[in-house]
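Read through the structure below, which is laid out as structure tokens, and then see the notes.
The values are calculated or read from the model by the stated rules, or taken from the named source; none is laboratory data. Owing to the predicted nature of the structure, the values given are computational and were not obtained by experimental measurement. Note: ideal-geometry Cβ built from the backbone for every residue, glycine included; neighbour counts use all protein chains shown. Ligands, DNA and RNA are excluded from the accessible area calculation, which covers all protein heavy atoms including side chains. Shrake-Rupley method; radii C 1.70, N 1.55, O 1.52, S 1.80 Å.
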Amino acid sequence: MQNIIERVQRFLTPFRCQFTDLRPLQRSSQPNRELPPEIWLEIFEFATYVHRSATIKPLNPFTVKRASTNVMGVNTPVFALQTKLAIVAVCKSWRRLALPILYQHVVIRSPKRAERILKALQPSQATTDALQAPASCGQWTRHIEVFTHARGCASLTYLQTLFAIFRCCPNLQILSGTWIYLLPPEFLHAVSEMYGPSVEGLYWSETSDRIVRRQGSPLTTSTTLAFLSAFRSVRILDLRHFVAKETLDPLHPDSESDAPSTILPLVEHLIVSTNTWSLSTANRLLLPRLHSLTVKPSTPDKTDHYQLVQLLQVHGQSLVFVDISLPSLDDEVESDSTVAQRTATHISLDIFLQPDRCPNLTSIVFPATSPVPSDQIHPSLRRIGVRGVRAEALYPDRSGDARDHLNAINPDRYPNLELIQTIGFLVEAAGDNLVKDIVIWWAEKFEKYGIDFLDGEGVLWAYTEPDVSEDQYEETPPCLKTPVFPSPSISPSLLGTAFEHLDNKITLP
């Protein structure tokens, strides 16, 4: 009521001097409800985060997962882009915060879209300061994906538009290219000269394996090892579909001329397929800082076992982490666990577990359908991940692939083993009523050896003792989810790679 009276007085006497009002100003009792921009930025980044858009590095298989009951819980690139477009249209302050997120990942699929992206990335002339350079949205771009499956992608105009887009993105960190047409050497040279000193992640596919299988034509590319050698700052290198132009014969261990000559000094994570062209290229590279290897077997089986053994002879001394995915088509982004993948030919684990090939190996992840390894003793192995585990394959009294692998694990073969985890298998999401008792049975078995047995959620299942008090008897749940944290005795190198999933990601039940 007092506010209404004051407004009426100001309306009737608009020229009233403010010095005549001697009443003290009253502070507003309502608190400031506005969030700082830093908090809004964290919210926007969380709401629009997609792993494959942020990096080409595969997600750590030991990352804990949660059983989601929300159909909108899983974010996708399409939903993330829609959210970004909605955020930038709210207000000016949100637009300033969300524009770097909107242009962080750029996907180019056709010549028409390339022209529109170039128009959006070109420097804007609307600046308030005449001495200030025009602002370009390309300065926020960190990841560019190029596809050439649309009509018109084989033209020189499309390549010129792509290079103009590259020039607008000086701070690019990840470059992904899928090319189904031969590229001119001038374009390759220009790209390597521009992004060679700065790009940290590289995926380059100059051929489509699906088209090659349909046409039955030989592989013909224009990319050479010299193109790879120009990217001196690359830390994540994806060679699944890289085919070198020159013929790469198998290495001869006794020949000094066949030693790797192309050096990439900063590569830490290498991704290869089991095809000959991918493995032969990796064998020709000298990677002094390599410590992680991801192997993606392809179907139908094209595993070159000789080249795979040579890969470990060249890089096995420095490897501490090996991830073997389920067999999948080369065109698939992520493999699944369907019947076709389970019945496909798998890589033998003995290739990696021989101590003389990977003596410093501390973590290995493999499919449950892989052949059970022989009695190899590996003293440095500390963590094992089993992918594609099913509830019916864990029963101790039934035949199952997961049971066979778990029975083969003992301290005599792996004296320093600390952890076993079922990758992607969530006990709470399993439909079997007895799966909790089965998992606890395995946990108690490995507890005798000093080994933690975790499910895909990163928790250790155990029985709880009944709480008996003097006045009343309360029955507690039969199972307890216990988080497992890394012990202080674990080496710092293992904490940085092997136990990445345990940093602030496990919550108490």
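Out of all the residues in the range 341-369, which are at pLDDT below 85 and under 24 Å from the mean Cα position of the chain (by Cα)?
Correct list: 341, 342, 346, 347.
Assess whether residue 246 counts as being open to solvent by 40 Å² or more (accessible area, probe 1.4 Å), modelled with pLDDT under 90 and charged (D, E, K, R). Walk me through it before giving the result.
Values: open to solvent by 40 Å² or more (accessible area, probe 1.4 Å): yes; modelled with pLDDT under 90: yes; charged (D, E, K, R): yes.
Here the answer is yes, as residue 246 does meet what is asked.
When you go through 214, 210, 240 one by one, which is the residue that is at pLDDT below 90, among the basic types (Lys, Arg), under 30 Å from residue 161 (Cβ atoms) and surrounded by 13 or more Cβ atoms within 10 Å (Cβ to Cβ)?
Numbers: 214 fails: surrounded by 13 or more Cβ atoms within 10 Å (Cβ to Cβ); 210 fails: surrounded by 13 or more Cβ atoms within 10 Å (Cβ to Cβ).
Every option except 240 fails the conditions.
For the subset of the range 277-293 comprising residues that are outside any loop (DSSP other than H, G, I, E, B) and of a type outside the set (A, V, I, L, M), which member is surrounded by the most Cβ atoms within 10 Å (Cβ to Cβ)? I'd like the intermediate steps shown before the answer.
Residues of the range 277-293 that are outside any loop (DSSP other than H, G, I, E, B), as a first pass: 277-283, 285-286, 292-293.
Okay, now just the ones that are also of a type outside the set (A, V, I, L, M), so 277-278, 280-281, 283, 292.
Details: 277: 22, 278: 27, 280: 21, 281: 22, 283: 21, 292: 21.
Looking at residues that are outside any loop (DSSP other than H, G, I, E, B) and of a type outside the set (A, V, I, L, M), I get 278.
Given the criteria more than 28 Å from the chain's Cα centre (by Cα) and not small (Gly, Ala, Ser), does residue 397 qualify?
Working: more than 28 Å from the chain's Cα centre (by Cα): yes; not small (Gly, Ala, Ser): yes.
Taking the combined requirement at face value, the residue satisfies it.
Looking only at residues in the range 307-331 that are among the hydroxyl-bearing types (Ser, Thr, Tyr) and outside any loop (DSSP other than H, G, I, E, B), which one is modelled with the highest pLDDT? I'd like the intermediate steps shown before the answer.
First, the residues of the range 307-331 that are among the hydroxyl-bearing types (Ser, Thr, Tyr): 318, 325, 328.
If we keep only those that are outside any loop (DSSP other than H, G, I, E, B) too, we end up with 318, 328.
Values: 318: 91, 328: 66.
Per the criteria, the residue is 318.
So which pairs qualify, if the first residue must be in the range 91-106 and over 16 Å from residue 42 (Cα atoms), the second must be of a type in the set (Lys, Arg), the Cβ gap must be under 8 Å, and the two must be at least 6 apart or on different chains?
105/142
Tell me yes or no: at least one residue of the range 465-477 is modelled with pLDDT of 55 or more, over 16 Å from residue 60 (Cβ atoms) and aromatic (Phe, Trp, Tyr).
no
When you check residue 291 against the structure, is it under 21 Å from residue 351 (Cβ atoms), touching a Pro at 6+ places or on another chain (Cβ under 9 Å) and at pLDDT 90 or above, yes or no? Please lay out each step first, then the result.
Values: under 21 Å from residue 351 (Cβ atoms): yes; touching a Pro at 6+ places or on another chain (Cβ under 9 Å): no; at pLDDT 90 or above: yes.
Considered against the rule, which asks whether it is under 21 Å from residue 351 (Cβ atoms), touching a Pro at 6+ places or on another chain (Cβ under 9 Å) and at pLDDT 90 or above, residue 291 comes out as no.
Need a quick list: helices (runs of 4 or more DSSP H) entirely within the range 338-456 having at least 3 residues that are surrounded by fewer than 21 Cβ atoms within 10 Å (Cβ to Cβ). Walk me through it before giving the result.
Values: elements: 339-343, 350-353, 401-407, 435-447.
Those helices (runs of 4 or more DSSP H) span 339-343, 401-407, 435-447.
Does the range 396-409 contain at least one residue that is touching a residue at least 24 places away in the same chain (Cβ under 8 Å) and hydroxyl-bearing (Ser, Thr, Tyr)?
No, the range 396-409 has no match at all.
Between a first residue in the range 347-368 that is touching a residue at least 12 places away in the same chain (Cβ under 8 Å) and over 12 Å from residue 383 (Cα atoms) and a second residue that is in a loop (DSSP other than H, G, I, E, B) and of a type in the set (A, V, I, L, M), which pairs have beta carbons less than 6 Å apart while being 6 or more apart in sequence or on different chains?
From the range 347-368, the pairs are 358/319; 360/320; 367/326; 368/389.
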